[in-house]
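Have a look at the structure below before the remarks.
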Amino acid sequence: MTSPATANQPSGANSGMAAFTQEWANAITGTSYLPMSQAQLKRLLDRLARELAAALLAEPFDLRAGQRVGTELVAAHIASAEALGRTVEVVQLRLVRDLGLVADDIADRLARLLAAVTTGYTRALRDRTLDEQESIRRAAMAQRTKAERALRASEARFRHQATHDSLTDLPNRNLFTERLATALAKPRRDSDRVGLCFLDLDQFKRVNDQHGHQAGDRVLTEVANRLRQALTGHLVARLGGDAFVILIERTGGTRDVIAVAEAALAAVHEPAVVAGHEVTVRTSIGIVERQVAGTSANELMRAADCTLHWAKAAGGGRWTLYDAERDRQELTRQALTAAIPAGLDRGEFYLDYQPLASLRDGRLLGVEALVRWRHPELGVLRPDQFIGLAEETGLIVPLGGWVLAEACRAAGSWSVTSGTPFVSVNLAVRQVHRPGLVQEVRNILQRSGLPPERLQLEITESAMMSPAEEPVQALRRLADLGVRIAIDDFGTGYSNLAYLRDLPVTELKVAGEFVAGLRAQEPQADERIVASLVSLAHALDLTVTAEGVETAGQAERLRAIGCDAGQGWHFGRPEPADRILARLG
Amino acid sequence: MRRPDWAPDDIDIERPSVARMYDYYLGGSHNFAVDRAAAQAMVAAVPEAPLMAQANRAFLRRAVHFLVDAGIRQFLDIGSGIPTVGNVHEIVQQVAPESRVVYVDTDPVAVAHSQEILADNNQATVLQEDLRHPDRILDHPELRRLLNLNEPTAVLIVAVLHFVSDDDRPAELLRTLRDALAPGSWLVLSQASDEGRPETERSDAETVYRRTGSPLWFRDRSELTTLFDGFELVEPGVVWVPQWRPETPESSMNAETSAFLGGVGRIGD
């Protein structure tokens, strides 16, 4: 048995190997990126070439060596179609020749070995390709998952920001509105009820003013935290500023909502420490609670807001329950107030006059002008139905101005042989405090031709309760013109006697409630009061008119006391001037 | 509406990625059909494109070996792309296992892939950032965790600057990085150049890359040299990348066909 194969020129084998390895390296360089130096590459190829050579000559012939070489090439990143093609070419053309390999069946063996190299190489390359595809796809999926998670998180964050207040992190008006709408739109049962507590901190502005806005913000945050803790289970939202709202769903009745309001008051009414100071925090709460069916978010909000104002008006630091009747009355009053300017424009106001008679001889001394409103829908309204509103809103200034001008215009035209009566006109507090009053009166007198001494202005005690100097000066100048000044409803206000000394007052009008007590035969407390007032007035050189004289008996007693004049049904009800004048002839 | 900073990136792998195209040029399979289509279009326009990428990758390998030999043990690889064969941490940790490597890339898939590769390597990390925001890279807690910038560090910006236009003020970006580095630190730069290339080839290549969302911005030798401002260039300076310290004289033949210029500079002590 002969040796299967021998290198015929052992001394030339090494140089042959070097030439082959160089050729192989050249062939595959550039087919793909090889992460190694040229020296490393040649060492690798040298080893693989030796393996191939050994396999070609080995007995028995083992194809696995070829597969191993193919696999190793790929593992060394010599991994491309071109690298395989060139490897097959170089090995086929050069290996046997360069290394001087000799064997009987060398051509067959080489073909089969190269087939094994190709198989091993292709399998390894395919595995590698699949592995890399899998790993890049996994990375893409990981990235997509991450991006989607980030997107969801950012959407949640967007949503949170859009629905929460940035200072307190309480739900904001948007979320509250949404939740209220849902509660109203989808009640679980027809009988479901819903409640709202509107909160507004009392005099919160003072905290900001005294301690700065940062402190104010801290108080708001503190209040928000307390409400959140005290009212778990209910939606507590910040509507803006120092206004909060609590939504109470599926209430069992008013009592449930009141309990929530009580808890909110207790939570808020703890003092807060701000910038080292203890700050008292108080709040007012408006409560509305009703059946879901038939109500709307707007109605609920308006009712709660209006109730909150009642709580504030009542002094704050309390809850107030919505009262539909009160709300309706206020709405009517508001509508009436709003109609005053148009009523003035359309001439819906007119004056009646009530006589002021001398108690000595029954002679007509003057008449008090009393305004009436012939309302197109409500009929004739008396002053007590609209003057209060006009005073609250300031509309009393144009209305009172009209009354004054109209009364003077009318009185200027009167002419009575037996002595023409003066006209007495009420001046509201706001009118007295208005700059330009004197000029206004002077203009009116001039226009109407009414002599100043036939105009009496009635002011209330409260008009003089201001520390301001201007009203007093205005009244002095009016008195200097010759206008009479009367104090209306004397004895029911502060009855400060000091101004009687300082003011140019000519007359006191004693409130009707004292006169009402003059019915009894026996002298009572009221009679003694009136008697005292009369003597006080006379001591100050003032005349006294008693209001609300309804009976001859009352008139008699007043005369006995020494009262100068009387006004009331006994002497005549308010009526148009021409009727009064006609009786005088 | 402007998206806030914390809003997530678009999920978009339907667009070719320059990182995965580069992997394709290097013979890798970490790429999708859309990347291969773009890369094949590039090869049609510039047939040597795969060789250019390989030459550039080989430059990176030689430069990193050079730096390891110079004693550098901290590497910041900005624009690292897909961690294909011959990653920086593989090269350096083989020689000096204590070396630390921070990879940076804008491509979220490349970053996710790197994270998987580096999951078990506590000496290397990857962060998703852009070379255009060097402050964010330098202040990133992951970078601060691994690198001590008071020690010499090598910053590698290899085959990335051609995606940074002059409008992005590359000189300022590099100055920011340089100012954060200790004396004895290094900068490795390489980028595509159109020196000596036909105009049609240049415009075709630009067309391919415009679709990737990373348009090309070529620079010549003097422009790239200027970007080493503040660094002392080591021999042979800014050259075609195959000419940078070649292993064999033959491997630097026809170097200009690589279309990549590169250089290595050092901050003096």
Take residues that are closer than 17 Å to A:ASN14 by Cα and tell me which of the helices (runs of 4 or more DSSP H) falling wholly in the stretch A:37-90 contain 2 or more. A:38-57
Go through the residues of the stretch A:26-46 one by one and say whether even a single one is away from every other protein chain (no Cβ under 11 Å), in contact with a Ser or Thr (Cβ under 6 Å, 6 or more places away or on another chain) and of a type in the set (A, V, I, L, M). yes
Residue tally, condition among the aliphatic types (A, V, I, L, M) and crowded, with 24+ Cβ neighbours inside 10 Å, over the stretch B:240-269: 4
Filter the stretch B:86-105 down to the residues that are in a loop (DSSP other than H, G, I, E, B) and within 12 Å of chain A (Cβ to nearest Cβ), then identify the one that is modelled with the lowest pLDDT. B:GLY86
Can you go through B:PRO83, B:PRO50 and tell me which one is within 17 Å of B:VAL158 (Cα to Cα), within 14 Å of chain A (Cβ to nearest Cβ) and part of a helix (DSSP H, G or I)? B:PRO50
Filter the stretch A:172-196 down to residues that are in contact (Cβ under 8 Å) with a residue 24 or more places away in the chain and either outside the structural domain of A:ARG290 (by TED's automatic domain parsing) or within 23 Å of the chain's Cα centre (by Cα) (or both), then give me how many there are. 13
Go through the stretch B:163-179 and count every residue that is surrounded by 18 or more Cβ atoms within 10 Å (Cβ to Cβ) and touching a helix residue (DSSP H, G or I) at 6+ places or on another chain (Cβ under 9 Å). 6
Among the residues of the stretch A:68-123, which ones are hydrophobic (A, V, I, L, M, F, W, C), crowded, with 19+ Cβ neighbours inside 10 Å and within 14 Å of chain B (Cβ to nearest Cβ)? A:LEU73, A:VAL74, A:ILE78, A:ALA79, A:ALA83, A:LEU84
Could you identify the single residue in A:ALA162, A:ALA142, A:ALA156 that is within 14 Å of chain B (Cβ to nearest Cβ) and crowded, with 17+ Cβ neighbours inside 10 Å? A:ALA142
B:SER203 fails exactly one of the following numbered conditions: (1) away from chain A (no Cβ under 14 Å); (2) part of a loop (DSSP other than H, G, I, E, B). What is the number of that condition? (2)
Which pairs do you get when a residue that is more than 8 Å from every other protein chain (Cβ to nearest Cβ), found in the stretch B:106-121, comes within reach of a residue that is in a helix (DSSP H, G or I) and of a type outside the set (Phe, Trp, Tyr), reach meaning Cβ atoms under 6 angstrom, with the pair 6+ apart or on two chains? B:ASP107/B:ALA19
Check off (1) outside the structural domain of A:GLY548 (by TED's automatic domain parsing); (2) out of contact with any Lys or Arg (no Cβ under 7 Å at 6 or more places or on another chain) for A:GLY347 and give me the number that stays unchecked. (1)
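The rows are residues; the columns are (1) modelled with pLDDT under 95; (2) in a loop (DSSP other than H, G, I, E, B); (3) farther than 20 Å from A:ARG188 by Cα.
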residue: A:PHE244; (1), (2), (3): no, no, yes
residue: A:GLY252; (1), (2), (3): yes, yes, no
residue: A:ARG255; (1), (2), (3): yes, no, yes
residue: A:VAL273; (1), (2), (3): yes, no, yes
residue: A:GLU278; (1), (2), (3): yes, no, yes
residue: A:VAL281; (1), (2), (3): yes, yes, yes
Within the bounds of the stretch B:62-74, is there any residue that is under 24 Å from B:GLU247 (Cα atoms), crowded, with 24+ Cβ neighbours inside 10 Å, at pLDDT 95 or above and within 12 Å of chain A (Cβ to nearest Cβ)? yes
Does the stretch A:147-169 contain any residue that is under 21 Å from A:LEU308 (Cβ atoms), outside any loop (DSSP other than H, G, I, E, B) and aromatic (Phe, Trp, Tyr)? no
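The values are calculated or read from the model by the stated rules, or taken from the named source; none is laboratory data. Quick caveat, the model's predicted, so the values are computed rather than measured. Note: ideal-geometry Cβ built from the backbone for every residue, glycine included; neighbour counts use all protein chains shown.
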